[in-house]
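Q: Encoded as structure tokens, here's the structure I'll be asking about.
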Amino acid sequence: MKRVAILASVYLGLSIVGGAVFAERVVHRPVRQPITNADRAAAADMARALGASLESVSVSGDDGAALRGWLFTPNRPNTHSVLLLHGITSNRAAMTDAARMFLEAGYRTLTVDLRAHGDSDGEFGVSGPREADDARRWIAWLRNGRSDGCLYAFGSSLGAGLVVQAADAPGLCAVVGVSVFASLRETVFDRIGERLHTGPWAGRTLLRPGVELGFAYARFRYGLDLAAASAADAAAGAGAPILLIHGTDDDNTPVRHAERIHAVNPARVSLWLVPGATHENLGQTGGSDYSTRIIGFFENHRSARSQ
């Protein structure tokens, strides 16, 4: 019994220490990539080539953090607007190809830096539902400054999870998420499995106490509810229609994430699995179907929530 007690104590101690280390790595993980002069020049060149105007814009987060972005307005807008959110450790410049796709279709297009990314303020790069609230603030900003028309949101990777979580925003007509994660907790299980070469089961079982203690640590020390970062939970409720696009060969965020979100609410969530696509090459692998499906999904949802 004494040996069992010692092993239990060691296991608990390692779980506490491991949980704290994990939480610190999650909330401080992103390495900021500021917007460069080359990024600004590329955005200006694209706007000029497409006959669009380009404006630097900003909103404030709930903590006063300045969140920054670029607003592209086509010469002949179709009256509809779309918010674009990038992935972790990236910035708004990474959404240039997506911005081009929407601008060519006539959408007023807003690309933004997530908090603690690019030129946006913020201490924590992953802080649970706060980033989703930031997305809602950008959506409200678009709603207040737009003419008649729908509001949409498009996100990739981390940005995909955020647009799904923010899909309950008033006036939002539809959202598209590419390479989405089901929840931060499930993503942590994946990352543990990658390190240990075990798959997600190790994080769900043997190392689960450390994961849960890490979430508790983040909430106690920083006031961050990491456990609430769940696109699956958000999709289960009411809100705008959702299209998820995911590669069958995604080894960064396995396809089960998108399948889980779809399964919780198939009446609201549509799913397109792209055979052979990975986390980063969905646009190339999907070919012309990629833009056709995204624009078509938006066009098919233009009245229910735009009033």
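The values are calculated or read from the model by the stated rules, or taken from the named source; none is laboratory data. None of these values were measured; they are calculated from a predicted model. Cβ sites come from the backbone with ideal geometry, for glycine too, and all protein chains shown count toward neighbours. What goes into the accessible areas is simple: the full protein's heavy atoms, side chains included, and nothing from ligands, DNA or RNA. Shrake-Rupley method; radii C 1.70, N 1.55, O 1.52, S 1.80 Å.
Q: Rounded, prolate or oblate for region 96-148? Axes are the square roots of the Cα gyration tensor eigenvalues, ordered a ≥ b ≥ c, and the cut-off for rounded is a/c under 1.5.
A: Verdict is oblate for region 96-148.
Q: Further, regarding this structure: Could you please report the charge total around Thr36, scoring K, R as +1 and D, E as -1 over all other residues with beta-carbon less than 15 angstrom from its beta-carbon?
A: Neighbour charge sum, excluding Thr36 itself: 0.
Q: Taking the chain as the reference, fit the longest principal axis to its C-alpha atoms, fit the long axis of helix 184-196 to the helix C-alpha atoms, and give the angle between the two in degrees, 0 to 90, nearest 10.
A: 60
Q: For the chain, which whole percent of the accessible surface, found with a 1.4 angstrom probe, sits on carbon and sulfur atoms?
A: Here it works out to 54 percent.
Q: Taking the Cβ of Val255 as the center, what net charge do the other residues with Cβ under 13 Å away carry, scoring Lys and Arg +1 and Asp and Glu -1?
A: Net of charged neighbours comes to -4.
Q: Rounded to the nearest 10 degrees, what's the angle between the helix 208-222 long axis and the longest principal axis of the chain, both from Cα atoms, 0 to 90?
A: The two axes meet at around 60 degrees.
Q: So how long is each side of the chain along the principal axes, counting just the alpha-carbon atoms, biggest first, in Å?
A: On the principal axes, the chain reaches 77, 38, 35 Å in Cα extent.
Q: GluC sites (Glu not before Pro), restricted to region 200-307: which are DSSP loop and have at most 14 other Cβ atoms within 10 Å?
A: The qualifying sites: there are none.
Q: Of Leu224, Ile88, Ser156, whose Cα points farthest to the positive end of the dipole of the chain (charges on the beta-carbon: +1 Lys, Arg; -1 Asp, Glu; origin at the Cα centre)?
A: Leu224
Q: Enter the accessible area per residue of the chain (Å², integer; probe 1.4 Å; all protein chains in place).
A: Counting only protein heavy atoms, the per-residue value for the chain is 45 Å².
Q: Could you tell me the extents of region 119-166's C-alpha atoms along the three principal axes, largest first, rounded to whole Å?
A: Its Cα atoms span 35, 20, 18 Å along the three principal axes.
Q: Quick one: grab Rg to one decimal and Dmax as a whole number for region 33-189, Cα atoms only, in Å.
A: My reading of the Cα-based Rg and Dmax gives 14.5, 46 Å.
Q: Show me the ranking of peptides 241-251, 79-89 by mean Cβ neighbours inside 10 Å, starting with the highest.
A: 79-89, 241-251
Q: What is the Cα centroid distance between region 183-206 and region 106-137, reported in whole angstrom?
A: If we compute the Cα centre of each part, the gap is 26 Å.
Q: What fraction of the DSSP beta bridges in the chain is antiparallel, stated in percent and rounded to the nearest 5?
A: Beta bridges within the chain, antiparallel portion: roughly 35 percent.
Q: Separate question: On C-alpha positions alone, give me the angle between the axis of helix 2-27 and the longest principal axis of the chain, in degrees, nearest 10.
A: 20
Q: I need the Kirkwood Rh of region 59-108: take the reciprocal of the average 1/r across all distinct C-alpha pairs and report it in angstrom.
A: The Cα-based Kirkwood calculation yields 12.2 Å.
Q: Two decimals, Cα atoms only, Kirkwood Rh: what is Rg/Rh over region 186-307?
A: Reported Rg/Rh, Kirkwood definition of Rh: 1.04.
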